[in-house]
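Trainee: Below is the structure I would like to discuss, written out as structure tokens.
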Amino acid sequence: MKQFVNFVRKEFFHVMRDRKTLLILFGMPVAQILIFGFALTNEVKNSKLIVFDQAKDPASQEIITKIEASRYFEVERAVMNRQQMEAAFRQGKIKMAIVFPAGFHASLLHEHKAQVQVIADASDPNTANMLTNYLSAIVMDYQNALSKNLVLPYRIVPEVRMLYNPQLKGAPNFVPGVMALVLMLVCVMMTAISIVKEKETGTMEVLLVSPFKPILVIISKAVPYLILSLVNVASILLLSVFVLELPVNGSVLLLFGESILFIITCLTVGIFISVKTDSQQVAMLISLMGMLLPTVLFSGFMFPIENMPLPLQLFSNIVPAKWFYLIVKSIMIKGLGFEAIWKETLILAGITVVLGLISLKSFKIRLS
């Protein structure tokens, strides 16, 4: 028995000395609890809402005050016309708008009935539904408080309008997310593994001492995945249009151009992983854990990024899939042009250039 206890003690000390094991044992549960428990929630908070108040009377002001007090909305009282409001929707600056017609309070007092228009960006139907319900509940709460002890209660009727996806189909949210996920996983994992495989078997050294330039060797291994990934993009779009009945409202050429940029970004990430690793198993693990989880969690595809704590919101900015997801939604669903997505395009190009330069520098060091 004493020998057994000593053996267990030895194994215990062995585990405690291994920092990687301790990180997996204690770090991973803490990180998962914090991320899944606090950061990732389907509840929508702090969504930007614009008020178009044509009434400017006591009733509209009281409702606006209630909306401002809610934790679900960040209200912008900017005075604007309908054209400016629709431009804000197209640029993705707001998720919702509420429009009070002129004479709102007078209609309520004299007719005991008034309408208020609620406009939501339904390119993400789940978020649009939740925001509409939150806003309707706030208006209903004001209506009930106003009608207290009255024989003939007041009625405020929200007239709901869903932009971009009036039928609230799931496909407009699903297709851009799947495109980003598929391209990211296929391009990153395939590139990383194919180059590391050459290094493991020793054939990469043979290629590098050939008259061909080393950088061209790397590029030649990435080109087939670029072409095959474009076939993937075409397949997804054909299925989207002819099976899911989700047309491309914007330019198809622009969408393919942006897809090529995103694929090159993913291939660069794969090359970066392959330069930093020496075995296929490690490259595959990093590709899956380092790309799959961030793409699912921080692209905005499944969880609203604006609900996350600030550090995670900042982290999401380095996930390429987030920017591609926004680009595809803007082109496919909203039918926007390059002037609306130049910032996202520039960020993807920047990530590609930075990772490419780091990979190239690391690659030269290895050759020396």
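The values are calculated or read from the model by the stated rules, or taken from the named source; none is laboratory data. Here the structure is a predicted model, which is why all the values come from computation and not from measurement. Cβ coordinates were reconstructed from backbone atoms using ideal geometry, including for glycine residues, and neighbour counts include every protein chain displayed. The protein model used for the area step is the full one, side chains on, heavy atoms only, and it has no ligands, DNA or RNA in it. Shrake-Rupley method; radii C 1.70, N 1.55, O 1.52, S 1.80 Å.
Trainee: Could you say which residue among 344, 339, 306 is among the acidic types (Asp, Glu), surrounded by fewer than 18 Cβ atoms within 10 Å (Cβ to Cβ) and without any contact (Cβ under 8 Å) to a residue 24 or more places away in the chain?
Mentor: Just a single option satisfies the conditions, and that option is 339.
Trainee: While we're on this one: Go through the residues of region 22-34 one by one and say whether even a single one is at pLDDT 80 or above, among the hydrophobic types (A, V, I, L, M, F, W, C), open to solvent by 60 Å² or more (accessible area, probe 1.4 Å) and farther than 30 Å from residue 341 by Cβ.
Mentor: no
Trainee: Looking at region 35-59, which of the residues that are surrounded by 13 or more Cβ atoms within 10 Å (Cβ to Cβ) and more than 23 Å from residue 95 (Cα to Cα) is modelled with the lowest pLDDT?
Mentor: By that ranking, first place goes to 35.
Trainee: Check region 349-356 and report whether any residue there is more than 23 Å from residue 122 (Cβ to Cβ), in contact with a Leu (Cβ under 7 Å, 6 or more places away or on another chain) and either of a type in the set (Gly, Ala, Ser) or in contact (Cβ under 8 Å) with a residue 60 or more places away in the chain (or both).
Mentor: yes
Trainee: Spot the failing condition for residue 63; the list is (1) modelled with pLDDT of 80 or more; (2) open to solvent by 60 Å² or more (accessible area, probe 1.4 Å), and only one is missed.
Mentor: Of (1) modelled with pLDDT of 80 or more; (2) open to solvent by 60 Å² or more (accessible area, probe 1.4 Å), only one is false for residue 63: (2).
Trainee: Looking only at residues that are over 27 Å from the mean Cα position of the chain (by Cα) and at pLDDT 85 or above in region 70-105, which one is surrounded by the fewest Cβ atoms within 10 Å (Cβ to Cβ)?
Mentor: 102
Trainee: So is residue 361 part of a helix (DSSP H, G or I), among the basic types (Lys, Arg) and more than 14 Å from the chain's Cα centre (by Cα) or not?
Mentor: Yes.
Trainee: If you scan region 108-145, which residues turn out to be in contact (Cβ under 8 Å) with a residue 24 or more places away in the chain and open to solvent by 40 Å² or more (accessible area, probe 1.4 Å)?
Mentor: If the condition is that a residue be in contact (Cβ under 8 Å) with a residue 24 or more places away in the chain and open to solvent by 40 Å² or more (accessible area, probe 1.4 Å), then 112, 113, 115, 126, 129, 130, 134, 141 are the ones that fit.
Trainee: Whether any residue in region 174-191 is open to solvent by less than 30 Å² (accessible area, probe 1.4 Å), in a helix (DSSP H, G or I), more than 18 Å from residue 235 (Cβ to Cβ) and at pLDDT 75 or above is what I want to check.
Mentor: Yes, there is a match, as at least one residue in region 174-191 is open to solvent by less than 30 Å² (accessible area, probe 1.4 Å), in a helix (DSSP H, G or I), more than 18 Å from residue 235 (Cβ to Cβ) and at pLDDT 75 or above.
Trainee: For residue 169, indicate whether it is within 20 Å of the chain's Cα centre (by Cα) and of a type in the set (Lys, Arg).
Mentor: Here the answer is yes, as residue 169 does meet what is asked.
Trainee: Let me ask another. Can you tell me which residue is nearest to residue 178 (Cα to Cα) among those in region 220-237 that are surrounded by fewer than 13 Cβ atoms within 10 Å (Cβ to Cβ) and more than 23 Å from the chain's Cα centre (by Cα)?
Mentor: Per the stated criteria, the residue is 231.
Trainee: Still on this structure: So which of 284, 289 is of a type outside the set (Gly, Ala, Ser), open to solvent by 60 Å² or more (accessible area, probe 1.4 Å) and more than 30 Å from residue 123 (Cα to Cα)?
Mentor: 284
Trainee: Name the residue that is farthest from the chain's Cα centre (by Cα), counting only residues in region 310-358 that are of a type in the set (S, T, N, Q) and outside any loop (DSSP other than H, G, I, E, B).
Mentor: Per the stated criteria, the residue is 352.
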